[in-house]
Amino acid sequence: MKKQRICVDMDDTMCDTVGEHLARYNAEHGVNVLREQFHGQWLWDFVPEEHRPFLKKTMSCDDFFEDLDVFPHAVRVLERLQQHYEIYIATAAMIFPNSFASKYRWLQRHVPFISSDQYVYCGDKSILHADYLIDDIPGYLDRFMGQGVLFTQGHNVSNTKYPRVKDWLEVEEYFLPGGKARTESGVPRAEERPQD
Ligand SMILES: [Mg+2]
């Protein structure tokens, strides 16, 4: 049987981009802004307008995307998913072209079992041809032809349009039977999940 295809976003889905952005912002400005303070919006929208150029400059640094923390269980679950699905990493890299090389190195280091043939650097993600897209940005899911799965982040908490996963244990639970996730949030199941 042909495997279904899942596209997986990187920033704030596989790795903690907001966390690194916030840490650099706090260090630069000598403040201690917490994630809870901008829950429901982007860091960009929370900071004073005069600080936004710093946020942009930070993401344009060559090393920014290199050392982002990988989310718990992401590597293990992706390795397991790849046994049952075609996995493609689909990242909107064009916004920060300096990120190309560092994103490549990050993927090689953290998910070496995913071939570089399965990396997709996108502008508009509506070009993706897949059954699922796991992403934290609802706007990308709106234009995606398959089933969107929203990876919970503070900026998307008000969106109710898509099935939601709050972490990689819930990704595992959504796509695979016998996952270790607890189903406290009642994650909807994919309709045709493969059997182990
Ligand atoms: Mg993202």
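The values are calculated or read from the model by the stated rules, or taken from the named source; none is laboratory data. Bear in mind that the values here come from a model prediction, so they are computed numbers and not experimental data. Every residue, glycine as well, gets a Cβ built from its backbone with ideal geometry; the counts of neighbours run over all protein chains shown.
Scanning segment 77-94 for residues that are in contact (Cβ under 8 Å) with a residue 12 or more places away in the chain and not in a strand (DSSP E or B) returns Val77, Leu78, Glu79, Arg80, Leu81, Gln82, His84, Tyr85, Ala92, Ala93, Met94. Search segment 122-178 for residues being within 12 Å of the ligand (Cβ to nearest atom) and aromatic (Phe, Trp, Tyr), and hand back the single one that is farthest from Val77 (Cα to Cα). Within segment 122-178, the match that is farthest from Val77 (Cα to Cα) is Tyr140. Scanning segment 49-60 finds one or more residues that are within 24 Å of Ala101 (Cβ to Cβ) and in a loop (DSSP other than H, G, I, E, B).
Only one of the numbered conditions (1) farther than 22 Å from Thr152 by Cβ; (2) touching a residue at least 24 places away in the same chain (Cβ under 8 Å); (3) surrounded by fewer than 18 Cβ atoms within 10 Å (Cβ to Cβ); (4) not assigned by TED's automatic domain parsing to the domain that holds Phe144 is violated by His39, and that is (1).
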